[in-house]
1. Toward the positive end of the charge dipole of the chain, about the Cα centre and with charges on Cβ (Lys, Arg +1; Asp, Glu -1), which of Met51, Leu117, Phe173 goes farthest?
2. For the chain, what proportion of DSSP beta bridges, expressed in % and rounded to the nearest 5, is antiparallel?
3. Taking the radius of gyration and the Kirkwood hydrodynamic radius from Cα positions alone, what is the Rg/Rh ratio for region 135-210, to two decimal places?
4. Go ahead and run the numbers for FRET between Asp201 and Leu93, Cβ-Cβ distance against an R0 of 25 Å, rounding to 0.05.
5. Lysine pairs, Cα distance under 23 Å, 8 or more residues apart or cross-chain: how many in the chain?
6. Which value, in Å to one decimal place, does the Kirkwood hydrodynamic radius take for the chain when every pair of different Cα atoms is included?
7. So, in Å, what gap is there between the alpha-carbon centers of region 108-143 and region 1-65?
8. Let me know the shape class of region 78-177, please: from the alpha-carbon gyration tensor, a ≥ b ≥ c as square roots of the eigenvalues, rounded when a/c is under 1.5, otherwise prolate if a/b is greater than b/c, or oblate.
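The values are calculated or read from the model by the stated rules, or taken from the named source; none is laboratory data. In this text the structure is predicted, and so the values were computed from the model without any measurement. Note that we place each Cβ from the backbone using ideal geometry, even for glycine, and neighbour counts take in every protein chain shown. Just so you know, the surface numbers come from the protein's heavy atoms only, side chains and all, with ligands and any DNA or RNA stripped out. Shrake-Rupley method; radii C 1.70, N 1.55, O 1.52, S 1.80 Å.
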Amino acid sequence: MTIKLHCFGESGNAYKAALTLTLAEVEWEPVFVDFFKGGSRTPEFRALNVMGEVPVMVDGDMVLTQSAVIQDYITSKTSKLGAKSADQRREILRWMFFDNHKISGIAGPLRFNMNFLPADKRSQDVNDYLLMRLNSALKVMDTHLDGRDWLASDTLTIADIACAGYLYYEEPFGFDRTAFPNVDAWLDRLATTDGWKHPYDLMPRALAAA
């Protein structure tokens with residue numbers, strides 16, 4: 001049975017799940033959630049996920065939410081993109097938790113505020129603070145990637161996919177790849193992996209391209 005992923009292209013968190021499914025060579029199809037028109041707030045969607053968020057993955061009777069949980073499930077199901085030892089699993093989790101708190105947890109709101117929030121509701125002070133936090137976290141990643149190809153292993157894992165989830169979007173949110181040369185090279189490395197696709201090529205967009 002084909003896995004269904006409730007998602008929309010602008011969601012970096014949904015992209016993490018979509019790209020993991022794709023690179024693990026799992027058969028799946030997107031189910032579009034019209035987020036900007038309230039698609040994640042309907043009673044039907046809330047019955048599927050009380051949190052009112054994408055991604056939601058449906059695999060037969062299995063319904064999973066939160067991108068990291070979905071990614072972990074895929075590695076367990078396929079034995080791809082995951083850990084080869086208990087120590088490596090902890091290292092993968094370390095970077096996924098770092099992403100959740102310091103990368104995606106900052107880049108997501110910053111990108112939303114700068115591109116999708118109505119202009120009269122945007123706060124430059126808030127965005128400046130978020131950008132400072134994001135740049136600090138990216139500096140940590142850039143230091144860690146010095147002399148390394150991947151974050152948590154000698155091969156690509158879901159930790160890399162998680163931490164890269166928001167960093168391929170073209171909408172401006174203050175992220176300057178050239179300021180982080182090791183991160184820049186890592187993103188290029190991931191983008192040349194067989195099967196890699198940009199989020200807008202994997203999932204339907206909720207908003208038309210500008």
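1. Among Met51, Leu117, Phe173, the one farthest towards the positive end of the dipole of the chain is Met51.
2. 60
3. Values: Rg = 13.1 Å, Rh = 13.4 Å.
Rg/Rh for region 135-210 comes to 0.98.
4. Working: r = 29 Å, r/R0 = 1.15.
With a Förster radius of 25 Å, E is 0.30.
5. Taking the Cα cut-off of 23 Å, the pair count is 16.
6. Details: mean 1/r = 0.0570 Å⁻¹.
About 17.5 Å for the chain.
7. Cα centroid to Cα centroid, the span is 25 Å.
8. prolate
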